[in-house]
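Bear in mind these aren't lab numbers, they're just calculated from the coordinates by the rules spelled out. Here the structure is a predicted model, which means the values were calculated and not measured. Note that each Cβ is placed from the backbone with ideal geometry, even for glycine, and that neighbours are counted across all protein chains shown.
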Amino acid sequence: MSENCIFCKIARGEIPSRKLYEDDEVIAFHDINPVAPVHFMLVPKQHLVSLLEADASHASLLGRMLVLAPQLAREQGLESGFRTVINSGKGGGQEVFHLHIHVIGGGNIPPMVRRS
Ligand code: 5GP
Ligand code: ZN
């Protein structure tokens, strides 16, 4: 737990969120500033900064989160597919420094990297 972390505060219920899933280890809620019709995040309740800080002790938690992603995506109507994004560290464009898996879908999802 980290005192001033926004996602820890959401996990503790101190900041409201549009929650779509919760268990002992993981919470999922809609992104406040969505980039697509469906955009939610899977977040471990444990304060883990990013994948850069992850090690073998996090393997089962990370595996559970990845398996939850398609389950929750289907529940949100993304039967035809979705994009997962994990920004890691400043070099990866991360803005909230508590690990999260973005699940994005619906509408037109362009190729992730444009090649000219
Ligand atoms: P990052 O760039 O760190 O991968 O993504 C951070 C995401 O968190 C952004 O998409 C941003 O819209 C979202 N976000 C930031 N603050 C809040 C908040 O207070 N509530 C929710 N639901 N999402 C937030
Ligand atoms: Zn946190």
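Structure notes:
- Once exposed loop trypsin sites (Lys or Arg not before Pro) are cut out (DSSP; at most 15 other Cβ, 10 Å), longest piece of the chain: 19-113
- Sites listed here are GluC sites (Glu not before Pro) in the range 67-116 whose DSSP assignment is loop and whose Cβ has at most 16 other Cβ atoms within 10 Å: 79, 95.
- Label-point gap, in nm, between residue 66 and residue 109 - each point 7 angstrom along Cα→Cβ: 1.6
- Two-site FRET efficiency, residue 49 against residue 85, from Cβ-Cβ distance with R₀ of 22 Å, rounded to 0.05: 0.85
- Helical mean residue ellipticity (222 nm; -39500 (n - 2.57) per DSSP H run of 4+; nearest 500) of the chain: -6000 deg cm²/dmol
- Euclidean distance of C-alpha centroids, the range 35-49 and the range 68-107, integer Å: 7
- From phi via Karplus (6.51, -1.76, 1.60), per-residue ³J(HN,Hα) for the range 53-69 in Hz, x at Gly/Pro: 9, 7, 9, 4, 5, 9, 4, 6, 4, 5, x, 4, 5, 5, 6, 5, 3
- For the range 1-88, average projected area of the Cα convex hull in nm²: 6.0
- Potential extension, residue 58-residue 4 segment - 0.36 nm per residue separation minus Cα distance: 17.2 nm
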